[in-house]
Amino acid sequence: GPHRKQRLAELGSHDVIITTYPLVARDREELAEIPLHLLVLDEAHAIKTHDTLAADAVRALDTRHRVCLSGTPIENHLGELWSLYAVVFPGLLGGWPQFRRAHALPIEKQTDPAAAPALARVLAPFLLRRTRD
């Protein structure tokens, strides 16, 4: 609300903080100072583009545990998947340039048939998918 800035100093004393992606981007510096035990990102596809202000601000949060929830499939390119994993498991897939070179381009351009199964093996322990079955 309009008095949000005055209340930011109180947030560290609360058990639960609920906010929006645009507000995380706007209040980035203040929120990054608050140690969080658990970060749950609902509708995490909102940060699927890794170079947005919201994605950058979420990655800057000081959290012990992170969970991304999204009902939206990865639709355009593997950069969307990388962006979510960069929040949940920073460093697991390397930096964006490294991931793009090692996984995204070989899979998307279909130049390496072993690339997709190799990436799937890395991601499988950390990905829960709901299927029609």
Quick check on region 48-68. Is at least one of its residues touching a strand residue (DSSP E or B) at 6+ places or on another chain (Cβ under 8 Å), assigned to a loop (DSSP other than H, G, I, E, B) and aliphatic (A, V, I, L, M)? yes
In region 80-104, which residues are open to solvent by 60 Å² or more (accessible area, probe 1.4 Å) and assigned to a helix (DSSP H, G or I)? PRO97, GLN98, ARG100, ARG101
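The values are calculated or read from the model by the stated rules, or taken from the named source; none is laboratory data. Everything numeric in this text was worked out from a predicted model, so none of it was measured. Note that each Cβ is placed from the backbone with ideal geometry, even for glycine, and that neighbours are counted across all protein chains shown. With ligands, DNA and RNA removed, areas are computed over all heavy atoms of the protein, side chains included. Shrake-Rupley method; radii C 1.70, N 1.55, O 1.52, S 1.80 Å.
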